[in-house]
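The values are calculated or read from the model by the stated rules, or taken from the named source; none is laboratory data. Computed from a predicted model, the values in this text were never measured in an experiment. Positions of Cβ are backbone-derived with ideal geometry, glycine not excepted, and every protein chain shown enters the neighbour counts. Surface areas here come from the heavy atoms of the whole protein model, side chains and all, with no ligands, DNA or RNA. Shrake-Rupley method; radii C 1.70, N 1.55, O 1.52, S 1.80 Å.
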Amino acid sequence: MLNIVLFGPPGAGKGTQAERIKNQYSLIHLSTGDIFRANIKGETDLGIMAKNFMDKGELVPDEVTIKMLESEVNKYPDSSGFIFDGFPRTTYQAQKLDEFLTSKSTSITKMIALDVPEQELISRLLSRGKASGRADDQNKDIIVNRIKVYENQTAVLADYYRAQNKLSKVNGIGTVDEVTDRLYHVID
Ligand code: AMP
């Protein structure tokens, strides 16, 4: 199996690139943000709970997020691999993901970190917010908080995967095609 964690701050281009990688390598793309947003739209209990955190740019609690992710993975027993986008976001989530994949006799193959400077992230997110209507992309304070949460709780995961010799960094500046080519190069 090929299991990739596509990593990087909000606005780094994870969702866009994950869609391309998914098609190129026949993987299942799991975006925890997308799954939460679908639950908000469907007004499920999970969505109502997650919205409280997402509206502030905070992380949804680990236990809820992990349980949801595991049940998504379990929906695809025959897949040839996964691309995880927006998960894991805490060391605890990464540890639980490792345990879960080990229980399925598989593991994370690689973490690919997209590198984009903060100023570029803010302008990308604000323009994405105009196009998509995503509430957490339209308010600069929420965006800044999401980047702060990333720096305080998530960025450390690069060390977690580096310690396992699984980290590759990719420059996330350039056209979408240029970044895709760099990603394919790292995966191949
Ligand atoms: P994203 O679409 O990845 O930018 O995620 C949007 C929001 O969903 C985040 O700001 C969090 O509130 C929530 N979220 C997504 N993935 C996770 C996760 N792995 N852990 C906790 N919260 C998450």
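Need pairs with beta-carbon distance below 6 Å; first residue within 17 Å of Glu120 (Cα to Cα) and within segment 10-31, second assigned to a strand (DSSP E or B) and more than 10 Å from the ligand (Cβ to nearest atom); sequence gap 6+ or separate chains. Close Cβ pairs satisfying both conditions: Ala12/Leu114; Gly13/Leu114; Lys14/Leu6.
Of all residues in segment 79-106, those being in contact with a strand residue (DSSP E or B) (Cβ under 9 Å, 6 or more places away or on another chain), of a type in the set (Phe, Trp, Tyr) and more than 10 Å from the ligand (Cβ to nearest atom) number 1. Of the residues making up segment 108-117, at least one is more than 19 Å from Arg134 (Cα to Cα) and modelled with pLDDT under 95. Answer yes or no: is there a residue in segment 153-165 that is charged (D, E, K, R) and in a helix (DSSP H, G or I). Yes, the conditions are met somewhere in segment 153-165. Would you confirm whether any residue within segment 68-78 is within 13 Å of the ligand (Cβ to nearest atom) and either out of contact with any strand residue (DSSP E or B) (no Cβ under 8 Å at 6 or more places or on another chain) or β-branched (Val, Ile, Thr) (or both)? Yes: segment 68-78 contains one or more residues that are within 13 Å of the ligand (Cβ to nearest atom) and either out of contact with any strand residue (DSSP E or B) (no Cβ under 8 Å at 6 or more places or on another chain) or β-branched (Val, Ile, Thr) (or both). Of everything listed in (1) part of a loop (DSSP other than H, G, I, E, B); (2) loosely packed, with under 12 Cβ neighbours inside 10 Å, the single unmet condition for Gly174 is (2). The numbered conditions (1) closer than 24 Å to Ile21 by Cα; (2) of a type outside the set (D, E, K, R); (3) at pLDDT 95 or above; (4) open to solvent by 60 Å² or more (accessible area, probe 1.4 Å) are all true for Ser127 except (3).
Screening Lys56 with (1) at pLDDT 95 or above; (2) within 10 Å of the ligand (Cβ to nearest atom) gives one miss only, at (1). Take the conditions more than 20 Å from Val5 (Cα to Cα), in contact (Cβ under 8 Å) with a residue 60 or more places away in the chain and among the basic types (Lys, Arg) and apply them to Arg89. Does it pass? Criteria not met by Arg89.
In segment 1-115, counting only helices (runs of 4 or more DSSP H) that sit wholly within it, the ones holding 2 or more residues that are farther than 22 Å from His185 by Cβ and open to solvent by less than 40 Å² (accessible area, probe 1.4 Å) span 32-41, 45-54, 62-73, 91-103.
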